[in-house]
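Participant: Below you will find the structure I want to go over with you.
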Amino acid sequence: MASRKEMADFLQSVEKRAFKQALYAVRQEDNALDIVQDSMMKLADRYAHAPAAELPLIFQRILQNTIRDHYRRSKVRSFVSTLLSSLIPTHAEDDSLDPLETLDVAADEAHTNPEQWYQRKEVALMIDASLQLLPARQREAFLLRYWEGLDVAETAQVMGCSEGSVKTHCSRANHTLAAILAQKGVLL
């Protein structure tokens, strides 16, 4: 059973990565924050008794399910608003959110010269933009495997699919990202 301090430390350690993961999925900062907060609350409320070693997998599963729930709710809202749109006057919303504004740059950026820092930031922005072009399942598998550091079995468990599917999604994501970045002159 995880202690309160272990739970708090775990949640603090994953909050930024979870936010970025949710932001990639829903592309709206407010919704991403809500998803992460809901996921953290569900973990703390429902799995406080879980061993500390199991928290990362449980949290990733909750986060992915919360993202899927967001899509389901959005689909229903969209359907209802479409039906009622002829009856209700709408006002254009300011949809000027730039997800790249939340991009974290490496902590050691102050120790590099400005030219190296700028080049690294440009590459990071290109990778960020390229990740958003991936299909949802490929992006999910890629982020869980390479960003969260989960192995194939853990990723399969979080995504609710077979290990072979995880490998396929990751392979396709890697090839697609490499091709997109190569077109932009970035060779990895």
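Participant: Which of the residues spanning the range 2-28 are at negative phi and open to solvent by 60 Å² or more (accessible area, probe 1.4 Å)?
Facilitator: 4, 5, 6, 9, 12, 13, 15, 16, 17, 28
Participant: A further question follows. Kindly list the number of the only condition in (1) modelled with pLDDT of 80 or more; (2) over 19 Å from residue 32 (Cβ atoms); (3) open to solvent by less than 70 Å² (accessible area, probe 1.4 Å); (4) not hydroxyl-bearing (Ser, Thr, Tyr) that fails for residue 186.
Facilitator: Checking residue 186 against (1) modelled with pLDDT of 80 or more; (2) over 19 Å from residue 32 (Cβ atoms); (3) open to solvent by less than 70 Å² (accessible area, probe 1.4 Å); (4) not hydroxyl-bearing (Ser, Thr, Tyr), the one that fails is (1).
Participant: Here's another thing I want to ask about it. Taking only the range 154-173 into account, find how many residues are acidic (Asp, Glu) and open to solvent by less than 10 Å² (accessible area, probe 1.4 Å).
Facilitator: Total satisfying the criteria: 0.
Participant: Here's another thing I want to ask about it. Scan the range 1-25 and report the pairs whose first residue is under 22 Å from residue 138 (Cβ atoms) and whose second residue is among the small types (Gly, Ala, Ser) and in a helix (DSSP H, G or I), with Cβ atoms within less than 7 Å and a gap of 6+ or a chain change.
Facilitator: 18/39; 19/32; 22/32; 23/32; 25/136
Participant: Which pairs have Cβ atoms under 9 Å, sit 6 or more apart or on different chains, and link a residue in the range 149-177 that is farther than 18 Å from residue 134 by Cα to one that is among the acidic types (Asp, Glu) and open to solvent by 50 Å² or more (accessible area, probe 1.4 Å)?
Facilitator: Correct list of pairs: 152/163; 153/163; 156/163.
Participant: Kindly list, by first and then second residue, each pair from a residue in the range 52-65 that is in contact (Cβ under 8 Å) with a residue 40 or more places away in the chain and closer than 16 Å to residue 160 by Cβ to a residue that is acidic (Asp, Glu) and assigned to a helix (DSSP H, G or I), limited to pairs with Cβ atoms under 6 Å and residues at least 6 apart or on different chains.
Facilitator: Final answer for the pair search is 57/154.
The values are calculated or read from the model by the stated rules, or taken from the named source; none is laboratory data. Just so we're clear, the structure is a prediction, and the values are computed from it rather than from any experiment. No Cβ is skipped: glycine too gets one built from the backbone with ideal geometry, and neighbour counts run over all protein chains shown. Areas reflect the complete protein model, heavy atoms only, side chains present, ligands, DNA and RNA absent. Shrake-Rupley method; radii C 1.70, N 1.55, O 1.52, S 1.80 Å.
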